[in-house]
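Reading through the structure tokens given below for one structure.
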Amino acid sequence: MKMKSILFHTGATDYQIEAVRRSLMTVGAANVTTMSSGGRTIMLVDDPTGVIDIDEYLNAPGVETTLQADEKNRHVALAESSGIYDSGIEGLTIIAGPCGIETEEQVTTIFSRMATEGLRYVRAGAYKPRTSPHDYQGPGPDGLEMATEIARDYGLQIVSEVIDPRDVEFASRHIAMIQIGTRSMQNFALLKEAGRRGLPVLLKRGMSATIEEWIGAAEHVLAAGAETVIFCERGIRTFETSTRNTLDLLGAVALKERTKLRVIADPSHAAGRRSLVVPGALGAIAAGLDGLLLEVHHDPASARSDAAQALPLEDFSYLMQTIKNLREVLRLSVV
Ligand code: PEP
Ligand code: MN
């Protein structure tokens, strides 16, 4: 059953909520249900004939926002995103690092620059999902432990992809955020196992997934117990071959209309080559997304996976400065 919904401010009074409910019933709602979680109330409005313009309630006392969420995705509709996921630039979640963990020297050199740029979260893949079994598969658990120790020395925390549900328990003892890759977005056993750990989950969009399917995947993760979900648009499969994937920026913006959770972009995997990464990153920030996931390498030519799209460290620093300038020009919030 499709529902429209209204999210109330934390301080909304029972009287304000009841006034909205009554009004909805008089304009043709078949049913109105309220649910509360963490001091917030969401009202689900069953509008079978589609006559209600839910946005007319935006200015009603107590109302914070309206959402087009359906009852099935109540966790996604109700969940709060908090500022504690800021990293790199206030208000944004910027996560950067190598595609795959390779050597101690590689990890140290890259993490040290990420720390200088003020990041809190770094990416570093230990279990790599590769098209060919003959390509670099990542170092596995030993590499993850090594990278975690180096990260700790720099005051950084690791975001890393897990592919196999059996690795989730080990990985979650070392990392701060579990990454679910595009190829795993509908691996429901993995989603549940990741959610059960209680950690935040960085949920990439499946390369052929609709926004609705992506929301459904997040609902699985949140229902299983994840602290939060950060959605990551990483490009979808289209007929176009001049980029590795098509970065669906408006799809990501449309998702933001349906949830208060963070939605970030990964221009690296969309671009497939480094010359397009900075334009993609700036486009995402200008469009109002909440951050970026970026692949960087101190020596891109030697990277053992995704070398063509790796940003050199200098380019990453340039990008960080340009994002700050851009946000100032656009007055996009605190810079
Ligand atoms: C990655 O982030 O290294 C990765 C494999 O990404 P995706 O799942 O988007 O392909
Ligand atoms: Mn990669």
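Assorted remarks:
- D53 being surrounded by fewer than 21 Cβ atoms within 10 Å (Cβ to Cβ) and more than 30 Å from S317 (Cα to Cα): yes
- Being within 15 Å of ligand 1 (Cβ to nearest atom), buried (at least 21 other Cβ atoms within 10 Å of the Cβ) and within 29 Å of G138 (Cα to Cα) is not true of A307.
- Within the range 197-219, the residues that satisfy the criterion of being outside any loop (DSSP other than H, G, I, E, B) and within 14 Å of ligand 1 (Cβ to nearest atom) are V201, L202, L203, K204, W214, A217.
- Any chance E213 is modelled with pLDDT under 95 and either surrounded by fewer than 20 Cβ atoms within 10 Å (Cβ to Cβ) or outside the structural domain of S268 (by TED's automatic domain parsing) (or both): no
Results for (1) within 15 Å of ligand 1 (Cβ to nearest atom); (2) within 25 Å of the chain's Cα centre (by Cα), shown as yes or no for each residue.
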| residue | (1), (2) |
| --- | --- |
| G100 | yes, yes |
| E105 | no, no |
| R113 | no, yes |
| A126 | yes, yes |
| Y136 | yes, no |
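- In the range 1-16, the residue that is farthest from E212 (Cα to Cα) out of those that are of a type outside the set (G, A, S) and crowded, with 21+ Cβ neighbours inside 10 Å is F8.
- Filtered by the rule that a residue be in contact with a Ser or Thr (Cβ under 7 Å, 6 or more places away or on another chain) and within 15 Å of ligand 1 (Cβ to nearest atom), the range 256-275 gives I264, A270, A271, G272.
- Scanning the range 298-322 for residues that are more than 19 Å from A124 (Cβ to Cβ) and out of contact with any helix residue (DSSP H, G or I) (no Cβ under 8 Å at 6 or more places or on another chain), we see that the one that is farthest from ligand 2 (Cβ to nearest atom) is Q321.
- First in the range 167-196 and at negative phi and away from ligand 1 (no atom under 12 Å from the Cβ), second anywhere and part of a strand (DSSP E or B) and of a type in the set (D, E), Cβ under 9 Å, 6 or more apart: A171/E161; I178/E161
- A residue that is over 22 Å from A307 (Cα atoms), away from ligand 2 (no atom under 16 Å from the Cβ) and either β-branched (V, I, T) or out of contact with any Ser or Thr (no Cβ under 6 Å at 6 or more places or on another chain) (or both) can be found somewhere in the range 129-143.
- Count of the range 282-308 residues which are within 18 Å of V159 (Cβ to Cβ), under 14 Å from the mean Cα position of the chain (by Cα) and of a type in the set (A, V, I, L, M, F, W, C): 5
The values are calculated or read from the model by the stated rules, or taken from the named source; none is laboratory data. The shown structure was predicted, so the numbers you read here are calculated from the model rather than taken from an experiment. Virtual Cβ from ideal backbone geometry, glycine too; neighbours counted across all protein chains shown.
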